[in-house]
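We did not get these values from a lab; they are worked out from the coordinates using the rules stated. Because the structure is predicted, anything quoted here is derived from the model rather than measured. Neighbour counts run over all protein chains shown; Cβ positions are idealised from the backbone, glycine included.
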Amino acid sequence: MTERKPPGMSFTSWIDQQISEAEERGAFDDLPGAGKPLPNRPEDDDGLAWVRNWMRREGVSPEVMLPEPLKLRRESAQLAETVHELSSEQEVRDAVAELNHRIMEWRKIPLGPPIFVPLVDEEKMLSRWRERQPATPPGSAADVGPARVPRPARRRWWRRRSR
């Protein structure tokens, strides 16, 4: 198979000659799948069937192939669906803060398709979490949570020097 094509011979005839010599030597005998029909390809095959087969065979999740903005959007939707499983308000705040941090990092240098990824609203997540929590009697220890202390109004930089 390492011999060169002789000058003056066309590629198709040279390839056909190589195949017929290999058949005579028995190079194609005992191949896996010999005598079996080829698997049917669906009519709507888009040329990526090999990727789907590889992912299924290797056990790779399709989410791995998503671009980063779609992964972040999917994580934000999953957080909205599973927020009730978190055990405290602080865990909800931490999960939202971590996801928002990753979204902001992606926004700095957006790689992938230009898809807008909104930040997750912490208050909406907390209200969803509170709706799904079991009711507690008023005045119980579970009713008292960390209170948010409002920040004092920020003074403009040019007004700070006047003091």
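Data table
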item	result
Sparse-neighbour loop sites [GluC sites (Glu not before Pro); region 29-99; at most 14 other C-beta within 10 Å; DSSP]	GLU43
Stretchable slack from ASN53 to ALA22, in nm (0.36 nm times residue separation minus alpha-carbon distance)	8.1 nm
Cleavage-rule hits (chymotrypsin sites (Phe, Trp or Tyr not before Pro)) in region 42-137: DSSP loop, at most 14 neighbouring Cβ within 10 angstrom	PHE116
DSSP-loop trypsin sites (Lys or Arg not before Pro) across region 3-83, with at most 15 other Cβ within 10 angstrom	ARG4
Potential extension, THR82-ARG132 segment - 0.36 nm per residue separation minus Cα distance	17.0 nm
